[in-house]
Amino acid sequence: VQLQASGGGLVQVGGSLRLSCAASRRTFNNNGVGWFRRAPGKEREFVSSISWNGDRTLFADSVKGRFDISRDKARNTVSLQMNNVKPEDTAVYYCAASRDATTSRQRQDYPYWGQGTQVTVSS
């Protein structure tokens, strides 16, 4: 599975941004999908994930209540809606597909990764 993350950019504090992850070569409709991010000087960290049918979602405590994740099986995409963004949300955001249908917070459960999209929150 090849993944392409898009939708990053410059956004002001308190604003919103919607990231999208699209799969090519084959569908990832049977896989869990996660979003991770890496801020400058920090390790890559879990942000959110969604199971194959969308019935289970997970969020990092730092984004809970502000971010939402959803998937569109017809379009073979997963979106991360970022609301009320903060300067600490500045990072490169990566989407990843898991080995199976479930969802996880662990990087090692995601063998397929996209190239990342930059999100910069200005104050």
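The values are calculated or read from the model by the stated rules, or taken from the named source; none is laboratory data. What you are looking at is a predicted structure, and each value in this text was computed from that prediction instead of being measured. Counting neighbours? That spans all protein chains shown, and the Cβs are built from the backbone with ideal geometry, glycine included. Areas reflect the complete protein model, heavy atoms only, side chains present, ligands, DNA and RNA absent. Shrake-Rupley method; radii C 1.70, N 1.55, O 1.52, S 1.80 Å.
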Extreme residue, farthest from residue 30 (Cα to Cα), among residues of the range 71-98 that are of a type in the set (Val, Ile, Thr) and open to solvent by 10 Å² or more (accessible area, probe 1.4 Å): 90
Members of the range 99-123 found to be among the hydrophobic types (A, V, I, L, M, F, W, C) and either surrounded by fewer than 18 Cβ atoms within 10 Å (Cβ to Cβ) or under 12 Å from the mean Cα position of the chain (by Cα) (or both), listed by number: 101, 113, 119
The range 46-56, residues that are surrounded by fewer than 19 Cβ atoms within 10 Å (Cβ to Cβ) and touching a strand residue (DSSP E or B) at 6+ places or on another chain (Cβ under 8 Å): 54, 56
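Residues are listed down the side, and each one gets a yes or a no for (1) at pLDDT 95 or above; (2) surrounded by fewer than 22 Cβ atoms within 10 Å (Cβ to Cβ):
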position: 1; (1), (2): no, yes
position: 6; (1), (2): yes, yes
position: 10; (1), (2): yes, yes
position: 15; (1), (2): yes, yes
position: 19; (1), (2): yes, no
position: 30; (1), (2): no, yes
position: 36; (1), (2): yes, no
position: 44; (1), (2): yes, yes
position: 58; (1), (2): yes, yes
